[in-house]
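Student: The structure follows.
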Amino acid sequence: MNRKSDVLNRLGLFVLARLILYLTLPLEGLHGYGDFVTFFSVTQIPGWPFLNYWVEFPPVFPFLSEILMRVSGAQLHVYTYLLLFVLLAADAGNLYFFQRLASHLWNEENRHFRIDLYTVILIALPYSWWYFDPLAVLFLLAGITYAVENRPMRAGVMWGLGALVKFFPFLGFATLWNWRIPGRMLRTAAVAIGIFLVGIAVLWLVSPQFTQASLQSQGRKGSWETIWALVDGNLTTGNFGNLVDRLDARLATRAIGNPPRISPWVTLPPFVLLGVFLLRKSKTSLPQPLAAVGLAFSLFFLWSQGWSVQWVLFLIPIILLGLEKRHASLLSVTFILVNVLEWPLLLSRGLFNLLPVTVLFRTTLFILSGWLFGRQLLTESQTEQSKD
């Protein structure tokens, strides 16, 4: 079987498995412990996001959600299925780009193992359809694929569009790291940041008040579900409060939870310097560009004041593509299990007193992943990365 047929067959099996799930689960089962009902509720606020009320996300998904609500005739069950099929298309794209990347980075045996495991995770892990993060993962993986294929401008376009969904695709810049030719990375960054700024500028010109409030809203949440949240005494999730607050731009900056005991601006320089030091010391001939991305994500999540369990969707493909087989499988599965333990198993039952257990465990995993990726950057030869 040729490689193209293999890719299409896996995509077909994945879509079939998801369709069976969608068609056989009741509406409550599809919603599960996710945010679909919240997304739908936000669309019931009169007007448009960024224009008539503030939201905590970059603009692409809020506008998409509003459009789906209007197309559905404001019916929750129709909205749910429309959004599910959008996320199905996004995850099909994620699997496609994952396979494309795996074919560049690994030999046949290692490639098939990673693709099979990623396919199972996409089918089984409900974070992929409880939240909208697969849309941002799609732009991240597409950008990394184009970067690996030496089409950095296309990568910049993907990451710029992705940042309008969530900011994480910007971390894909690490794929282009090469101290000897920084111009390529700077040009790609200019394209990506330019696309993002144009998108925000258009909204700012139309509604500066609610656009500014939307951009500022995430900063008011304080810390949640991280080691910093334990230091601050915030044993909560990152959820926002009443929907009616979104009609008042002033409330977007009202503090939630305890203030940080250690400012994130104080902790940022050490993490940045560590990352730059490791990248600077890396072997420029290194055939594994995912190591730099994995290091960037590990350091970012160690620094970040907040963590949401669905963000594991960004880490899993990077881990599976970037680490040798044993570490990739054990680390990705362990990340999934600790997050599922946190939400929905513990927190949905009100066991917030056990949050320190999962936070400390997850922080240890971030340290471990950062160490593994950092070690790869400093290692000249990697035995498992030979291609066909």
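The values are calculated or read from the model by the stated rules, or taken from the named source; none is laboratory data. On a predicted model such as this, the values are computed, not experimentally measured, just so you know. For neighbour counting, all protein chains shown are included, and Cβ atoms are generated from backbone atoms with ideal geometry for every residue, glycine included. The protein model used for the area step is the full one, side chains on, heavy atoms only, and it has no ligands, DNA or RNA in it. Shrake-Rupley method; radii C 1.70, N 1.55, O 1.52, S 1.80 Å.
Student: Which values, in whole Å and largest first, are the semi-axes of the equivalent ellipsoid of the range 193-258 obtained as the square root of 5 times each eigenvalue of the Cα gyration tensor? Present the calculation step by step, with values, prior to reporting the outcome.
Tutor: Values: eigenvalues 146, 48, 12 Å².
So the equivalent ellipsoid measures 27, 15, 8 Å along its semi-axes.
Student: How far apart, in nanometres, would the label points at N242 and L230 be if each is projected 7 angstrom from Cα along the Cα-to-Cβ direction?
Tutor: Between N242 and L230, the simple spin-label model gives 3.5 nm.
Student: Give me the accessible area per residue for the range 247-343, probe 1.4 Å, as a whole number in Å². Each step should come with its number before you reach the end.
Tutor: Working: 4210 Å² over 97 residues.
Result: 43 Å² per residue.
Student: Another question, if that's okay. Rounded to the nearest angstrom and ordered from largest down, what semi-axes does the equivalent ellipsoid of the chain get from its C-alpha gyration tensor (root of 5λ)?
Tutor: Values: eigenvalues 197, 127, 98 Å².
They are 31, 25, 22 Å, listed largest first.
Student: Determine the share of the range 154-223's accessible area contributed by carbon and sulfur atoms, expressed in whole percent, with a 1.4 angstrom probe. Show your work: numbers first, answer last.
Tutor: Numbers: 2290 of 3220 Å².
With neighbouring chains kept in place, the figure for the range 154-223 is 71 percent.
Student: Here is a follow-up. What do you get for chymotrypsin sites (Phe, Trp or Tyr not before Pro) in the range 233-315 restricted to DSSP loop and a cutoff of at most 12 other Cβ within 10 Å of the site's Cβ? Show your work: numbers first, answer last.
Tutor: Details: sites: F240, W265, F271, F277, F297, F300, F301, W303, W307, W311, F314; in loops: F240, W307.
Filter output for the range 233-315: empty list.
Student: First measure r as the distance between the Cβ atoms of L378 and N107, then evaluate 1/(1 + (r/R0)^6) with R0 = 22 Å and state the FRET efficiency to the nearest 0.05.
Tutor: Working: r = 23 Å, r/R0 = 1.04.
After rounding, the FRET efficiency stands at 0.45.
Student: I would also like to ask the following. Summing +1 for each Lys or Arg and -1 for each Asp or Glu, what net charge is found among the other residues whose Cβ lies under 14 Å from the Cβ of Q99? Before the final figure, lay out each step's value.
Tutor: On the way: positive: R3, K4, R10, R100, R111, R114; negative: D6, D91, E108, D116, E149.
So the environment of Q99 carries a net charge of +1.
Student: Can you list the DSSP H helices in the chain whose Cα atoms extend at least 18 Å along the helix axis and whose mean Kyte-Doolittle hydropathy is -1.0 or higher? Working shown, then result.
Tutor: Working: long enough: 3-24 (32 Å, 0.75); 76-105 (43 Å, 1.03); 108-124 (24 Å, 0.10); 133-148 (23 Å, 1.80); 182-206 (36 Å, 1.76); 264-281 (26 Å, 1.22); 290-303 (20 Å, 2.22); 325-340 (23 Å, 0.98); 355-377 (33 Å, 1.10).
Result, helices passing both filters: 3-24, 76-105, 108-124, 133-148, 182-206, 264-281, 290-303, 325-340, 355-377.
Student: With N set to the residue count of the range 279-367, report its C-alpha Rg divided by 2.2 N^0.38 Å to two decimal places.
Tutor: Details: Rg = 14.5 Å, N = 89, 2.2 N^0.38 = 12.1 Å.
For the range 279-367, the normalised Cα radius of gyration comes out at 1.20.
Student: Hey, could you pull the Cα Rg and Dmax for the range 128-246, both in Å?
Tutor: Both quantities, over Cα of the range 128-246: 17.1, 52 Å.
Student: Another question, if that's okay. If L377, L27, L13 are ordered by their accessible area, calculated over protein heavy atoms with a 1.4 Å probe, which sequence runs from highest to lowest?
Tutor: Working: L377 5, L27 45, L13 115 Å².
Solvent-accessible surface, decreasing: L13, L27, L377.
Student: Let me ask something else. Once every DSSP H run of n ≥ 4 in the chain is given -39500 (n - 2.57) and the sum is divided by its residues, what mean residue ellipticity at 222 nm do you get, rounded to the nearest 500 deg cm²/dmol?
Tutor: -21000 deg cm²/dmol
Student: Within the P(r) computed for the range 169-308, what percentage of the Cα pairs occupies the region above 18 Å?
Tutor: Details: 6522 of 9730 pairs.
The answer is 67 percent, as a whole percent.
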